[in-house]
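Q: What follows is a single structure, and I will ask about it in a moment.
The values are calculated or read from the model by the stated rules, or taken from the named source; none is laboratory data. Quantities reported herein were computed from a predicted structural model and do not represent experimental measurements. A quick note on method: Cβ atoms are made from the backbone with ideal geometry, for glycine too, and the neighbour counts reach across all protein chains shown.
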Amino acid sequence: MQTNFTPEQLADPHVATSEKILRKCVHCGFCTATCPTYVTLGNELDSPRGRIYLIKDMLENGRPADEEVVTHIDRCLSCLACVTTCPSGVDYMHLVDHARMHIENTYRRPFKDRVTRNLLAAVLPYPRRFRLALRAAALGRPFAGLFRRVKGLAPFAAMLDLAPRQVPKSSGSRPGTHPSVGTRRGRVAILSGCAQPVLKPQINEATIRLLTRLGIEVVAPAAEVCCGALVHHMGREEQALESARRNVDVWLREIDNGGLDAIIVTASGCGTTIKDYGFMLRLDPIYAEKAARVSALAKDVTEYLATLDLPEQEPKRLTVAYHSACSMQHGQKITTLPKTLLKNAGFTVRDPAEGHLCCGSAGTYNILQPEISATLKARKVKNLEATTPDVIATGNIGCITQIATGTTVPILHTVELLDWAYGGEKPAMLVS
Amino acid sequence: MTIIHDPLSEEAASRIVRAAVAAATPLEIRGGGTRTLWSGSTNRDILSSAALSGIVAYNPAEMTMTAKAGTPLGDISAALAERRQMLAFEPLDLRPALGTSGIPTIGGVFATNASGPRRYVAGAARDSLLGVRFVNGSGEIVKAGGRVMKNVTGLDLTKLLAGSRGALAFLTEVTFRLLPVPETSATIVVSGLNDAEAAAAMATAMSMSVEVSGAAHLPESVCGRFAGGRLPAGAATVLRLEGLAGSVSVRSEKLQAAMARFGAVSSLDVEATVQLWREIRDVHPYADGTARPLWRVSVAPTAGHQLVAALRLEAGIDAYYDWQGGLVWLRMEADPEADLLRRYVKALGGGHATLMRASAEAMAATPVLQPQAEAVAALSARIKDKFDPAGVFVGAFAGA
Amino acid sequence: MEQIGFLPPKPAVLSRRREIVGDLKDLLPEGCLVHEPRSLVPFETDAFVSYRRAPLAVALPETTAQVAAVLKYCHRYGIPVVPRGAGTSLSGGAIPQEDAVVLGLSKMTRILEVDYANRTATVQAGVTNLSISDAVSADGYFYAPDPSSQLACTIGGNIAMNSGGAHCLKYGVTTNNLLGVKMVLVDGTVIELGGKALDAPGLDLLGLVCGSEGQLGVVTEATVRLIAKPEGARPVLFGFDSSEEAGACVADIIGAGIIPVAIEFMDKPAIEICEAFAQAGYPMDVEALLIVEVEGSEAEMDGMLQSIVEIAGRHGVKVVKESQSATQAALIWRGRKSAFGATGRIADYICMDGTVPLSQLSNVLRGTAEIVARHGLRVANVFHAGDGNMHPLILFNANDPEDAARAEAAGNDILKLCVDAGGCLTGEHGVGIEKRELMRHQYTDADLAQQMAVRAAFDPQWILNPSKVFPLEGRPAV
Ligand SMILES: Cc1cc2nc3c(=O)[nH]c(=O)nc-3n(C[C@H](O)[C@H](O)[C@H](O)COP(=O)(O)OP(=O)(O)OC[C@H]3O[C@@H](n4cnc5c(N)ncnc54)[C@H](O)[C@@H]3O)c2cc1C
Ligand code: SF4
Ligand code: SF4
């Protein structure tokens, strides 16, 4: 559609990129139909097309963000269903990234909002702090109901609800090298992650067991930090880029010291961001090229497993409802691979209805937008349970925590089931 | 004294209408005079389309035809038959049932929106009508719609004119779409079902992907009067299949297999099929030479047999069903029982009942057309006023 | 660059903005009224994005009663009301005006009843077209009219525009599949038209309402016909060396009395656009492509295809390609249905919607190419060929006002060509604002006067979507 920017405005590379994105949108409205917030709220302002228009208007007029715009951009889950749907190839992801940055730079949030966000940004990306916070949360749980009733404190109630009752012991995927069993077929780095090793260390443990059993050497490099996704989605661009640069350095070092076939990511949310490092650092003359190399190496664990030609296994008489995380299907466009792997491994795989809709987890969304998040969770759980599964599988830690609070059906990471199918222990959750 | 005007052109019709408005003489619009649409006083002149006759354009490759409103239906059917085409909605011929004569015209067919068995899947007359020309009550010559398949540009006055029964305007020309005559057809007969069982069987048949193009139930009381007695004894639930010969036989097998669980299944060949569905369309069993009240009732398909069952307890009636049970032809033994009937129609989810035939006194004493909700009737009256501000056309429509 | 005008806003309404907003707030639940000026901007247009007018407020009612309350209020104060579904209109039907309240149905998205025995579904007006089929698909049914925008557009919008789609060749457009509506008249009166019983003997108000572009009332519920899914369906691709041959082939297929479920046409630019998006395996070395879908049992499909292949042979068909799997069939349709949007990858476009008699298809395609070339622009053609409903997409650069003006002028010429060839201005996208002034090319003053009179029977004050459909000059005085 038509845009209205001055040459001066277009001199800003961020604006220039956004302008190109906006020009592609033909305002057809297709994306509204698959947007979880539009489907839930029924207001075009809470749809991709509405948000695109709000952003366009804000950027064209060179205005600082205001409460209205912030409200509707904040409600965006960054699930990227709209990107999958858009026939015109509108890169909403980078447009909304720019808008979030603009908001962060030009808008002062109300006090309570600032506190919550600062807290999240200061805790979640750091495993040690996160672990401590969760212990505290266990103590705070009795107050959740109280928080929920006080306006502005709902995010805290949501945090308490989400915190697991028991914080697992520390992770088994400590930094270091895990040699392959038998002949080495390849060498990969694994992203340790920040929240995942605290909440579910089993995931990376299973990944390492499975990969090494398949002849892959797995390194978990020290000095790696959070991928930056959490702060990136809050519009805290500098903080995100700093994380990105540090990780780029860490992995490049590994590449130089023994080579890497892939950087394995077991949380699709992180995968989407790491695959985007190349874009995020495109304006950084020192890192642009290095970041692009790293992005090209980043692979979801299922993507990598699919290259290893796993043998077909005997049927297991276990029905798996596969929940495709948004970052998996929309962010990384990995749709059938995980299901094919599971089927090959002997599981009966079912697709829930409305598979394109987000479960409401979306990084910190379930904390910052608890109401919409809860509605989406209920809808997702209903669709998943309608397939009468024995277990739910998915590829993202956020979804696992979110969905687990809404159903009694066990939920596992895809790789945990695959590890079991290919010689590992039966996941504890399935041993009754 | 009633004058019959039969203008030779739209312009002449326009002059007649203007003169009638000036003289405050009501006009009754008449096609072939096969149905009396007007039962009011005789103090009116007649504006007949009889002289506006002839096919204006027939384009078989595009499956459309344009004809002047007074063209006899027979002429049109003959022209279509030559190219193996037809009107999809199966216009009815009610002359035997109503005891009327006259020659049905294409304008009259559309003005009454009269549609036969295929209505249920291929649409009514209004769905085939693409465009019209007409003279309104101010004598203006107006066109609406067009001659292409998709042509709703602005308000769809074409639909409004279809079924307007001479109350809005004098149709002078109609353009309509056609369909190829199916290569062959067959009827599957399920015998011995009661009305409720038949409703279930028909619903099942319609839910299958066999494209049933007619679904009727003929209870035992009427069954023998159809198809020259070729139907098996007992009630007959009949399902029509049409299309290419190979396809009809494949679908026929499928349908017969599915119907077997409802009752004894047999089938009719193409010749018997054509006769049977024509008789169902034209209300053959009640073309009995009497003036016993005859109703045409339209309800939801699953409500038809419930309506009949309820009425049976309170009045002497006979009935058969078309449109999967949604079209009930009801013959009353004595009184029209309009109130009773309409009360049940309402209770069963709504619909409408039109009194097609009765003694002159009963016709005069009964609201022949289904009364409408007040707001809808008021709206209809306002629309009538916009076509015919002077009220020169006396044709009646429901609620007016 | 705006060549099409809107009605001037009523000063009396504009000056009462604050009061109106306050009153509307009282009539609606929380979160159902948008009124902050900046929040109104995203509602300023629909998919006919060249024209824009932000409204005075946007009401998003949740019930018929709330719709009635808003209408009653606006009627009382003479405030224009613009109904809006999903805002996917390609003719600007849902574009507001400065003094209007937009009445959006996007919160009314419940499927109220599915009745298989009678094969009907009753839904609220904001339900999307596709979600009706989705809701009944597992049980073997579908709702037939399938506009390419079916993922997003609402049934209320479909009714207002009498929308069609690829599969309407066999099953008819919205008006042929609509059984009843609940609608609110301009003064707030709620009426019901039609229902599960067919063909009410009164005036066919249901038929009149369908296609009335939000000018007669606001539809809040609809009952539609469901159809049992065919046993099988198969799209087949026919590639030709010229658009003319493809067009003539369509006319001959229909002329032979063969009515497939769908016959869609794409020219080379459209094929390239769609293939890049969907990777459906469209042949790339042809000038024009027909997607013909047949359905039924294997034997029936084979039979019909055989006849079609024969006819296509007479027109020198170059490639005949059957879809090899359900996945490929889905991709073929996905590509076709995404055609307009996918065009956005290469340029801005305006989409025409004229219909022509099939015998004129080839001529009009040639004429369209000439017109577009004369204006120095490019065109892609992708449309419902079986019913002669053409959709030339005129490609241009929206950031260049002169280009935009040229595109509009070319569009007008094309639509006039369609009318002159015996066709109509619109097959399924409606008149909206886009073709409003061209109505005079198709209709006489008397024709238009009659339509406007009927419109006035519903809305004497002309407050429902008043800038649309009828040329601004020559309207009856209010
Ligand atoms: C990419 C693309 C492809 C398309 N393909 C097709 C196609 O193949 N076939 C086709 O027919 N159309 C097509 N369209 C056009 C459009 O999708 C249809 O016109 C659709 O019916 C509009 O529905 P909507 O819900 O978006 O209505 P809107 O655009 O919101 O409104 C359309 C009109 O309906 C009125 N309206 C909306 N809801 C109501 C209501 N409840 N009561 C009264 N009036 C109401 C509005 O006032 C307006 O005049 C396409 C559009 C796009 C963008
Ligand atoms: S990212 Fe998700 S929530 Fe955000 S606009 Fe797109 S579809 Fe909607
Ligand atoms: S689907 Fe794409 S082109 Fe269409 S409105 Fe959404 S972002 Fe714009």
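Q: Against the conditions (1) part of a strand (DSSP E or B); (2) at the interface with another protein chain (Cβ under 9 Å from one of its Cβ atoms), where does residue B:163 fall short? Just the number, please.
A: Failed condition: (1).
Q: Among what's in segment C:126-149 and is crowded, with 24+ Cβ neighbours inside 10 Å and within 19 Å of residue C:391 (Cα to Cα), pick the residue that is nearest to the other protein chains (Cβ to nearest Cβ).
A: Across segment C:126-149, the extreme among qualifying residues is C:149.
Q: Continuing with this model, one more query. Being assigned to a strand (DSSP E or B), at pLDDT 95 or above and either facing chain A (nearest Cβ under 9 Å) or within 16 Å of ligand 2 (Cβ to nearest atom) (or both) narrows it down to one residue among C:82, C:41, C:58; which is it?
A: Numbers: C:82 fails: either facing chain A (nearest Cβ under 9 Å) or within 16 Å of ligand 2 (Cβ to nearest atom) (or both); C:41 fails: assigned to a strand (DSSP E or B).
Only one candidate passes the filter, namely C:58.
Condition check ((1) more than 13 Å from chain C (Cβ to nearest Cβ); (2) of a type outside the set (D, E, K, R); (3) at positive phi; (4) within 15 Å of the chain's Cα centre (by Cα)) across all residues:
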| position | (1), (2), (3), (4) |
| --- | --- |
| B:316 | yes, yes, no, no |
| B:320 | yes, yes, no, no |
| B:323 | no, yes, yes, yes |
| B:326 | no, yes, no, yes |
| B:331 | yes, no, no, no |
| B:336 | yes, yes, no, no |
| B:340 | yes, yes, no, no |
| B:346 | no, no, no, no |
| B:353 | no, yes, no, yes |
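Q: OK, next. From the list C:230, C:235, C:201, C:260, pick out the single residue that is more than 16 Å from ligand 3 (Cβ to nearest atom), assigned to a loop (DSSP other than H, G, I, E, B) and away from chain B (no Cβ under 11 Å).
A: Values: C:230 fails: away from chain B (no Cβ under 11 Å); C:235 fails: assigned to a loop (DSSP other than H, G, I, E, B); C:201 fails: away from chain B (no Cβ under 11 Å).
On inspection, the qualifying residue turns out to be C:260.
Q: Related question: Restricting the search to segment B:122-141, which residues are more than 7 Å from chain C (Cβ to nearest Cβ) and within 14 Å of the chain's Cα centre (by Cα)? Quick ask: steps written out before the conclusion?
A: Residues of segment B:122-141 more than 7 Å from chain C (Cβ to nearest Cβ): B:122, B:125, B:128-135, B:137-139.
B:122, B:125, B:128, B:129 - these are the residues of segment B:122-141 that are more than 7 Å from chain C (Cβ to nearest Cβ) and within 14 Å of the chain's Cα centre (by Cα).
Q: Sort out for me the strands (runs of 3 or more DSSP E) sitting completely within segment A:346-418 that have 1 or more residues that are under 16 Å from the mean Cα position of the chain (by Cα).
A: Numbers: elements: A:348-350, A:391-394, A:411-413.
Filter on segment A:346-418 gives A:391-394, A:411-413.
Q: Right, residue C:157: crowded, with 24+ Cβ neighbours inside 10 Å, of a type in the set (Gly, Ala, Ser), assigned to a helix (DSSP H, G or I) and away from ligand 3 (no atom under 16 Å from the Cβ) or not? Working first, answer last.
A: On the way: crowded, with 24+ Cβ neighbours inside 10 Å: yes; of a type in the set (Gly, Ala, Ser): yes; assigned to a helix (DSSP H, G or I): yes; away from ligand 3 (no atom under 16 Å from the Cβ): no.
In short, no.
Q: Now for a separate question. Considering only residues of segment C:380-419 that are small (Gly, Ala, Ser) and more than 21 Å from the chain's Cα centre (by Cα), which is farthest from the other protein chains (Cβ to nearest Cβ)? Spell out the reasoning first.
A: Going residue by residue through segment C:380-419, those that are small (Gly, Ala, Ser) are C:380, C:385-386, C:388, C:398, C:404-405, C:407, C:409-411.
So of that shortlist, the ones also more than 21 Å from the chain's Cα centre (by Cα) come out as C:398, C:404-405, C:409.
Numbers: C:398: 4, C:404: 8, C:405: 13, C:409: 17 Å.
Across segment C:380-419, the extreme among qualifying residues is C:409.
Q: Can I ask one more? Mind listing whichever residues of segment C:1-30 are more than 29 Å from the chain's Cα centre (by Cα) and not charged (D, E, K, R)? Steps first, please.
A: So the first thing to find is which residues in segment C:1-30 are more than 29 Å from the chain's Cα centre (by Cα), and the list is C:10-30.
The answer is C:11, C:12, C:13, C:14, C:15, C:20, C:21, C:22, C:24, C:27, C:28, C:29.
Q: Condition first: of a type in the set (Gly, Ala, Ser) and in contact (Cβ under 8 Å) with a residue 60 or more places away in the chain. Now tell me which residues in segment C:342-368 satisfy that.
A: We begin by selecting, within segment C:342-368, every residue of a type in the set (Gly, Ala, Ser); these are C:342, C:344, C:347, C:354, C:359, C:362, C:367.
Result: C:342, C:354, C:359, C:362.
Q: Further question: Search segment C:420-453 for residues being surrounded by 19 or more Cβ atoms within 10 Å (Cβ to Cβ) and more than 9 Å from chain B (Cβ to nearest Cβ), and hand back the single one that is nearest to residue C:475 (Cα to Cα).
A: C:436
Q: Consider segment C:176-188. How many of its residues are within 10 Å of chain B (Cβ to nearest Cβ) and of a type in the set (A, V, I, L, M)?
A: Of segment C:176-188, the ones within 10 Å of chain B (Cβ to nearest Cβ) are C:176-177, C:179-180, C:185, C:187.
Filter once more, so that each one left must be of a type in the set (A, V, I, L, M): C:179, C:185.
Qualifying residue count, segment C:176-188: 2.
Q: Any chance you could count how many residues in segment B:93-121 are within 12 Å of chain C (Cβ to nearest Cβ) and either over 19 Å from residue B:181 (Cβ atoms) or surrounded by fewer than 22 Cβ atoms within 10 Å (Cβ to Cβ) (or both)?
A: So the count comes out to 6.
Q: Looking only at segment B:338-365, which residues are buried (at least 20 other Cβ atoms within 10 Å of the Cβ) and free of Cβ contacts under 8 Å to residues at least 40 places away in the same chain?
A: B:338, B:344
Q: Answer yes if at least one residue in segment A:182-196 is closer than 23 Å to residue A:294 by Cβ, at pLDDT below 90 and surrounded by fewer than 21 Cβ atoms within 10 Å (Cβ to Cβ), and no otherwise.
A: Residues of segment A:182-196 that are closer than 23 Å to residue A:294 by Cβ, as a first pass: A:184-196.
Of the ones still in play, those that are also at pLDDT below 90 are A:192-196.
Still in the running and surrounded by fewer than 21 Cβ atoms within 10 Å (Cβ to Cβ): none.
The answer is no; no qualifying residue exists.
Q: Can you tell me which of (1) in contact (Cβ under 8 Å) with a residue 60 or more places away in the chain; (2) within 23 Å of residue C:202 (Cβ to Cβ); (3) within 14 Å of chain C (Cβ to nearest Cβ) is the one residue B:305 doesn't meet?
A: Unmet for residue B:305, out of (1) in contact (Cβ under 8 Å) with a residue 60 or more places away in the chain; (2) within 23 Å of residue C:202 (Cβ to Cβ); (3) within 14 Å of chain C (Cβ to nearest Cβ): (2).
Q: Among the helices (runs of 4 or more DSSP H) contained in segment A:8-68, which hold 3 or more residues that are charged (D, E, K, R) and either at pLDDT below 95 or away from ligand 1 (no atom under 16 Å from the Cβ) (or both)?
A: On the way: elements: A:13-24, A:36-41, A:48-60.
Per the criteria, A:13-24, A:48-60.
Q: A follow-up question, please. Among the residues of segment C:350-367 satisfying the criterion of being surrounded by fewer than 24 Cβ atoms within 10 Å (Cβ to Cβ) and hydroxyl-bearing (Ser, Thr, Tyr), which is farthest from the other protein chains (Cβ to nearest Cβ)?
A: Out of the qualifying residues, it is C:362.
Q: Moving on to the next point. Would you pick out the residues in segment A:13-50 that are farther than 21 Å from residue A:355 by Cβ, in contact (Cβ under 8 Å) with a residue 40 or more places away in the chain and at the interface with another protein chain (Cβ under 8 Å from one of its Cβ atoms)?
A: Answer for segment A:13-50, where residues must be farther than 21 Å from residue A:355 by Cβ, in contact (Cβ under 8 Å) with a residue 40 or more places away in the chain and at the interface with another protein chain (Cβ under 8 Å from one of its Cβ atoms): A:24, A:25, A:26, A:28.
Q: Can you tell me how many residues in segment C:105-123 are within 9 Å of ligand 1 (Cβ to nearest atom) and either touching a residue at least 60 places away in the same chain (Cβ under 8 Å) or surrounded by fewer than 23 Cβ atoms within 10 Å (Cβ to Cβ) (or both)? Step through it out loud before you land on a result.
A: Step one: of segment C:105-123, the residues within 9 Å of ligand 1 (Cβ to nearest atom) are C:105-106, C:108.
If we keep only those that are either touching a residue at least 60 places away in the same chain (Cβ under 8 Å) or surrounded by fewer than 23 Cβ atoms within 10 Å (Cβ to Cβ) (or both) as well, we get C:105, C:108.
So the answer is 2.
Q: While we're on this one: Scan segment C:158-175 residue by residue and report those that are more than 8 Å from every other protein chain (Cβ to nearest Cβ), modelled with pLDDT of 95 or more and closer than 17 Å to residue C:355 by Cα.
A: C:161, C:163, C:174 - these are the residues of segment C:158-175 that are more than 8 Å from every other protein chain (Cβ to nearest Cβ), modelled with pLDDT of 95 or more and closer than 17 Å to residue C:355 by Cα.
Q: Which one is farthest from the other protein chains (Cβ to nearest Cβ) among residues in segment A:69-106 that are in a loop (DSSP other than H, G, I, E, B) and more than 13 Å from ligand 2 (Cβ to nearest atom)?
A: Looking only at segment A:69-106, we keep the residues that are in a loop (DSSP other than H, G, I, E, B), and these are A:75-80, A:86-91.
Next cut, more than 13 Å from ligand 2 (Cβ to nearest atom) only: A:87-89.
Values: A:87: 3, A:88: 3, A:89: 5 Å.
Among those that are in a loop (DSSP other than H, G, I, E, B) and more than 13 Å from ligand 2 (Cβ to nearest atom), it is A:89.
Q: Also, I was wondering about something else. Mind listing just one residue for me: the one in segment A:1-41 that is surrounded by fewer than 21 Cβ atoms within 10 Å (Cβ to Cβ) and small (Gly, Ala, Ser) and, of those, farthest from residue C:108 (Cα to Cα)?
A: That would be A:11.
Q: Checking residue A:305 against (1) surrounded by 23 or more Cβ atoms within 10 Å (Cβ to Cβ); (2) over 16 Å from residue A:268 (Cβ atoms); (3) not basic (Lys, Arg): exactly one of these is not met. Which one?
A: (2)
Q: Name every residue in segment A:283-302 that is exposed (fewer than 15 other Cβ atoms within 10 Å of the Cβ) and not in a helix (DSSP H, G or I), in order of residue number.
A: Answer for segment A:283-302, where residues must be exposed (fewer than 15 other Cβ atoms within 10 Å of the Cβ) and not in a helix (DSSP H, G or I): A:283, A:285, A:286.
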